[in-house]
Amino acid sequence: MKVSTILAMSLVTSSLLFGKTTIMEQAKKAGLKAIPTTDSEISKIIDPNHILTKEKVELGKKLFFEPRLSKSSLISCNTCHNLATGGVDGLAAAIGDKWTPNPHHLNSPTVYNAVFYDAQFWDGRSHNLEDQAQGPMQATPEMASPKALVEERINSIPEYVEAFKKAYGENVKIDFTTITATIGLFERTLITPSRFDDFLNGDENALSVSEKEGLKLFIDKGCVSCHSGIALGGTMQPFQVAGKYKFASIGDFKGDKNGLVKTPTLRNITQTAPYFHNGAIWNLADAVKEMGSTQLGIKISDEEATKIVTFFNALEGKKPTITYPQLPKSTNKTPKPIID
């Protein structure tokens, strides 16, 4: 092989290597963060108070799948946050008790990686998963269960009582707060490391050339102004900054008292259609273009949107293995389902 050819190939290789490093550095400078690689580092984020135990997480998993926590005994947390389908129900608006659509036409956000959010709910009214779990359980259009009913059902089942004692100690008070908090503890473990994390953690080959090109566009267009951090979202941001949302008339949700809306995570975004708080857009490339006009005041072309969506493929993470639990049987003291 000629020396000139070898030199040319070397220059190309050096250029590509430099490019990869530059994009990685750009991503970090833009505020994008990786899920850490070690259990101890992950634990510092998802369990800063050192309260997670195997017993609590296993009990929380059972309660997450427990339909008897709903008034009808038909709806569990997994109904709207289905762990088999990206942590969502795949509906534009969540369906709850008596097949009631969410009255504000709100879409169910994914529960995966929710531990990395700064705020929970579309209006950000909760700041941790333990508190968040209390809302849907009591909400009339969702699980519709009064606190007393939840407590009575769980305390009427000896296997649950023993499981709580095993997890928290003999003197545990099995009340509504403890029950819902236990669900939140399980949800803290639902994280999905992806190839993008491998890339940010130093593996330059974790992303394809096309995915890196999409990442660069994602950064250059300004998408990182809202979609940053480990979750690539999860913070409260103003909505309709530069233009009117095309489907603003669907539902009556306007955000919190300051008009702020929780930014959805982009992790596993390819699996969580439909998009936006009211689930009005089903095509991911269309959602990207809508964000360009609504939030950034720019036109994102079809080609650019396709490239950004290509990057989103790298955000599909490895989900934890969840074995569907066998739930303890009811007793004669367990309150019956209420369906009228």
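The values are calculated or read from the model by the stated rules, or taken from the named source; none is laboratory data. Please read all numbers here as calculations on a predicted model, not as lab measurements. Cβ coordinates were reconstructed from backbone atoms using ideal geometry, including for glycine residues, and neighbour counts include every protein chain displayed.
A few remarks follow.
- Just one of the listed residues (231, 206) is in contact with a Ser or Thr (Cβ under 6 Å, 6 or more places away or on another chain), aliphatic (A, V, I, L, M) and in the same structural domain as residue 291 (by TED's automatic domain parsing), and it is 231.
- Counted residues, region 302-335 - those being over 23 Å from residue 239 (Cβ atoms) and without any contact (Cβ under 8 Å) to a residue 40 or more places away in the chain: 7
- All positions within region 159-176 that are surrounded by 15 or more Cβ atoms within 10 Å (Cβ to Cβ) and farther than 12 Å from residue 62 by Cα: 161, 166, 167, 168, 174, 175, 176
- Where residue 171 falls short, out of the listed (1) assigned to a loop (DSSP other than H, G, I, E, B); (2) in contact with a Phe, Trp or Tyr (Cβ under 8 Å, 6 or more places away or on another chain): (2)
- Hey, residue 120 free of Cβ contacts under 8 Å to residues at least 24 places away in the same chain and either under 13 Å from the mean Cα position of the chain (by Cα) or closer than 20 Å to residue 96 by Cα (or both) or not: no
- Of the criteria (1) under 19 Å from residue 112 (Cβ atoms); (2) surrounded by 23 or more Cβ atoms within 10 Å (Cβ to Cβ); (3) out of contact with any strand residue (DSSP E or B) (no Cβ under 6 Å at 6 or more places or on another chain), which one residue 207 fails: (1)
- A residue that is at pLDDT 95 or above, of a type outside the set (Ser, Thr, Tyr) and farther than 26 Å from residue 229 by Cβ cannot be found anywhere in region 254-272.
- Count of residues meeting criterion [surrounded by fewer than 16 Cβ atoms within 10 Å (Cβ to Cβ) and not in a helix (DSSP H, G or I)] in region 129-158: 2
- Residues that are touching an Asp or Glu at 6+ places or on another chain (Cβ under 8 Å) and assigned to a helix (DSSP H, G or I), drawn from region 197-240: 217
- When 212, 216, 221 are checked against the criterion of being surrounded by 21 or more Cβ atoms within 10 Å (Cβ to Cβ), farther than 21 Å from residue 327 by Cα and modelled with pLDDT of 95 or more, 212 stands alone in meeting it.
- For region 32-59, the candidate set comprises residues that are touching a residue at least 60 places away in the same chain (Cβ under 8 Å) and among the basic types (Lys, Arg); within that set, the residue that is nearest to residue 316 (Cα to Cα) is 33.
- The single condition from (1) part of a helix (DSSP H, G or I); (2) of a type in the set (S, T, N, Q); (3) not assigned by TED's automatic domain parsing to the domain that holds residue 128 that residue 258 fails is (1).
- Some residue of region 299-311 being touching a Phe, Trp or Tyr at 6+ places or on another chain (Cβ under 6 Å), part of a loop (DSSP other than H, G, I, E, B), on the phi < 0 side of the Ramachandran plot and surrounded by 19 or more Cβ atoms within 10 Å (Cβ to Cβ): no
- Candidate set from region 56-90 (those that are of a type in the set (Val, Ile, Thr) and either modelled with pLDDT under 95 or assigned to a helix (DSSP H, G or I) (or both)); member that is farthest from residue 270 (Cα to Cα): 57
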